[in-house]
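> Here it is, the structure in full.
What follows is calculated from the coordinates using simple rules that are stated; it is not laboratory data. As the structure is a prediction and not an experimental result, all values here were calculated from the model.
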Amino acid sequence: MSPLAALLADHDLWDGAACHGLWRFFDPRDEREPDDVHAARVKAAQAICATCPLKAACHEYASNARPKDRAGIWAGISYDIQGRPIRTNKEIE
Ligand code: SF4
């Protein structure tokens, strides 16, 4: 289970999150995932996040989380396994 899925499963606060059931887009990047596949997945996640009423709270949560607790995609930003933002040329902020 990704960190995001675990968080959303444990807190009613996250009811209404647009990513429920769509975890495959939000999982942390596997080191074997090609750049173009990752960029496409981030773009799909960003489209989902753009519709989410919790985006601001999600971004704040990820920004304040311990780096290793935010691996994956949060509020449209992809973080590596160390919690560092991953930039791609195709990402949209
Ligand atoms: S902003 Fe994106 S990652 Fe965060 S709860 Fe909403 S859909 Fe999920």
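> Based on DSSP H runs of at least 4 residues, each adding -39500 (n - 2.57), what is the mean residue ellipticity at 222 nm of the chain after dividing by all its residues, to the nearest 500 deg cm²/dmol? Please list the in-between numbers first.
On the way: 3 runs with 33 residues, N = 93.
After summing the helix terms and dividing by residue count, I get -10500 deg cm²/dmol.
> Something else: Looking only at Cα atoms, what is the convex hull volume of the chain per residue, in Å³?
Working: hull volume 8.0 nm³, N = 93.
Per residue, the Cα convex hull of the chain comes to 86 Å³.
> Taking only Cα atoms and a 10 Å spring cutoff, compute GNM fluctuations for the chain and point out the largest among His11, His20, His59.
Taking springs between Cα atoms under 10 Å, the residue moving most is His11.
> Show me, for segment 58-68, the HN-Hα J-couplings you get by feeding each phi into the Karplus relation (A = 6.51, B = -1.76, C = 1.60, θ = phi - 60°), rounded to Hz, glycine and proline as x.
Taking θ as phi minus 60°, the curve returns 5, 4, 5, 4, 5, 5, 9, 6, 4, x, 6 Hz for segment 58-68.
> Hey, another quick one. Normalized C-alpha radius of gyration of segment 1-46, against 2.2 N^0.38 Å? Intermediate values should be presented prior to the final figure.
On the way: Rg = 11.7 Å, N = 46, 2.2 N^0.38 = 9.4 Å.
Cα Rg divided by the expected 2.2 N^0.38 Å: 1.25.
> Please compute the length gained on full extension between Ala47 and His59, using 0.36 nm multiplied by the number of residues separating them and subtracting their Cα-Cα distance. Write down the numbers at each step before the final one.
Working: separation 12, 0.36 × 12 = 4.32 nm, distance 1.49 nm.
Length gained, Ala47 through His59: 2.8 nm.
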